[in-house]
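For reference, the structure discussed in these notes is given below.
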């Protein structure tokens, strides 16, 4: 390019440059405390608009009052003082989105915090978005395999479903969620794990575990730690679902974990009380239901016209002393399409995952189960219910009729079979095989104490010599598959 | 329940209209008749804050590189509807032009800002 061309280009740009007067609306900080600031002025400020403090700090307009704007400060608020100026950006809070966030740990504003450098992005999206409408959706009929036998068999989850994981502290809620992420390897599912109010050490341990198991490649962790201000905890799930929506609209299936929404509700309560919004039940603000319903409605399966992807949400709720009738648990139970209820007593008895089959339910997942699983897991729930009832009666009597004894023995076997170690997801075909074995009395001669060993040997046998049968089991269930599976079990038993 | 800030707002808005000559007397009578006299101190504090805020917003502050002519200042006042001038300050870093602030809006007509914007436009 010649010098003349450069000069003429520059001249043209300068001539076209608008020299209009630049008008900026500003307000003044009247008070600031605990991550919340009150601003006087800013009469035209919009709800959820980003406001600039001028020192690299931003705030989110949350309360629009007659004389003041109440804002959540995003990040460190210790250097903001009374009298500081705040200017409008005229932009609704947005976060960057990109496939490059996979494998990274980021904060709720999608800034990497794993020390592996910045993520270059071209696109940003507002964190608040209306969920897809009815016509954009399609039914949930593709399974989201968790790799956990008790879930895939009894409370199956479909792609696009919202299944709540609920239980007291230390009952294995996070473990269920992480195992589900681990099981997505090779399933073409992208995962987003949103940690809300969690200890950073715990989240870093999870990240390390996922990395070691090769699951971090398709996972993004959005972390708002226990020491982060309440506004960051409030934003984290919305940032996570914004990234998940980006993946979904590209046609991908996404799994998102919110760990946990109890802490999210607590953060929102803190922010609302500081903003002097009227408190309601348990001091939560009146719109705490909407807080979670608008978040979880964004999980869905969209039709081909809208990308054909899905977001499966596994929100987690922590209960106190197993009380599922508290305010936030009942809210989230009513929003979701089912719940996996984990119980301390089962956990302490060594039944892990400690899923209470009676209280757990999946409202839409049944139609997403594969045929072989549906056939073999069908009678399981009833058998377990009968076992629990008879087991409690059997405690009072030593003489049991043979039929009752058989039901109890079978129930005990089922309970043993549904036990599973952490971070060891089982592929669905193997789950079908073991359920078929127990349902058809192939395990009656196996002692319950040696069942875990029998099971792992059986899986190894299937991997080594029956891989074609495993493949067939994922595709359908007919007399041929049933016969072949029966023969395979017999062959394995003879080989021991 | 009636709040002191709501009463203060009403009093302030009434007082702004010069036709209302007995605002204070009427306020006292109202508070007495409704047994709200304990709120008086709080109401006055709110009125004071409101006045400080409004007068800060309603006065025109000007920062200029070189002093502006009387006619230009009065023209600006007329355009913006400003009645009083709050402060006038010289800042040669502006190179030329001026910046003014009125009613929560900052109008930047300085040469330095124009140059920054032009630089950004040329770089991008």
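Grab the alpha carbons of the stretch A:26-91, take their convex hull, and tell me the volume per residue in Å³.
For the stretch A:26-91, the hull spanned by Cα atoms encloses 69 Å³ per residue.
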- Additional length obtainable on full extension of the chain from residue B:24 to residue B:51, 0.36 nm per residue less Cα span: 8.2 nm
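What does the structure give for A:18-29 when I average, per residue, the other chain Cβ atoms found within 10 Å of the residue Cβ?
5
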- Coarse-grained scattering of chain A at q = 0.06, 0.07, 0.08, 0.10 Å⁻¹, given as base-10 log I(q)/I(0) from a Debye sum over alpha-carbon atoms: -0.35, -0.46, -0.58, -0.82
- Item | Alpha carbon convex hull of the stretch B:4-56, volume per residue in cubic angstrom | 63
- Query: Quick one: what does P(r) look like for the stretch A:423-490 with 10 Å bins over all Cα pairs, in whole %?
  - Reply: 19, 58, 22, 1
- Item | Spin-label pair residue A:130/residue A:345, simplified geometry with 7 Å Cα→Cβ offset, distance in nm | 4.7
- Query: Full extension from residue A:122 to residue A:82: what is 0.36 nm times the residue separation minus their Cα-Cα distance, to one decimal in nm?
  - Reply: 10.8 nm
- How far is helix B:40-58 tilted, in degrees, relative to the longest principal axis of the Cα atoms in chain B, given as a value from 0 to 90 rounded to the nearest 10? 20
- Quick one: check the C-alpha center-to-center distance for the stretch B:58-74 versus the stretch A:93-127, whole angstrom. 45
- Note on the structure: With no solvent term and unit scatterers on the alpha-carbon positions of the stretch A:96-369, Debye gives log₁₀ I(q)/I(0) at q = 0.07, 0.14 Å⁻¹ of -0.22, -0.96
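Hey, what's the Kirkwood Rh for the stretch B:60-123 if you take every pair of different alpha carbons, in angstrom? Please list the in-between numbers first.
Values: mean 1/r = 0.0808 Å⁻¹.
Evaluated on the stretch B:60-123, it is 12.4 Å.
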- Anyone know which of B:71, B:87, B:18 comes out most mobile in the 10 Å Cα GNM of chain B? B:18
- Query: Using the 10 angstrom Cβ neighbour count as an exposure proxy, how do B:111, A:106, B:73 rank, fewest first?
  - Reply: B:111, B:73, A:106
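Taking the highest mean first, how do the peptides A:185-191, A:279-285, B:19-25, A:257-263 order by number of other beta carbon atoms within 10 angstrom per residue? Don't skip to the answer; put the middle values down first.
Values: A:185-191: 17.3, A:279-285: 14.7, B:19-25: 10.1, A:257-263: 25.9.
Final packing ranking: A:257-263, A:185-191, A:279-285, B:19-25.
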- Query: Once all Cα-Cα distances of the stretch A:61-213 are split into 5 Å bins that start at 0, what whole-number percent is in each one?
  - Reply: 1, 6, 11, 15, 15, 17, 13, 9, 6, 3, 2, 0, 0
- Peptide B:110-120 - average C-beta neighbours from other chains (10 Å radius): 2
- Message: Limiting things to C-alpha atoms, what are the Rg and the maximum Cα-Cα separation (Dmax) for chain B, in angstroms?
- Response: 21.4, 69
- Query: What's the extension gain from residue A:323 to residue A:33 if we count 0.36 nm per residue and subtract their Cα-Cα distance?
  - Reply: 101.0 nm
- Note on the structure: Mean projected area, convex hull of alpha-carbon positions in the stretch A:210-360, reported to one decimal in nm², is 11.1
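Coordinate-derived values only; no laboratory data. The shown structure was predicted, so the numbers you read here are calculated from the model rather than taken from an experiment. So basically every Cβ, Gly included, is an ideal-geometry build from the backbone, and we count neighbours across all protein chains shown.
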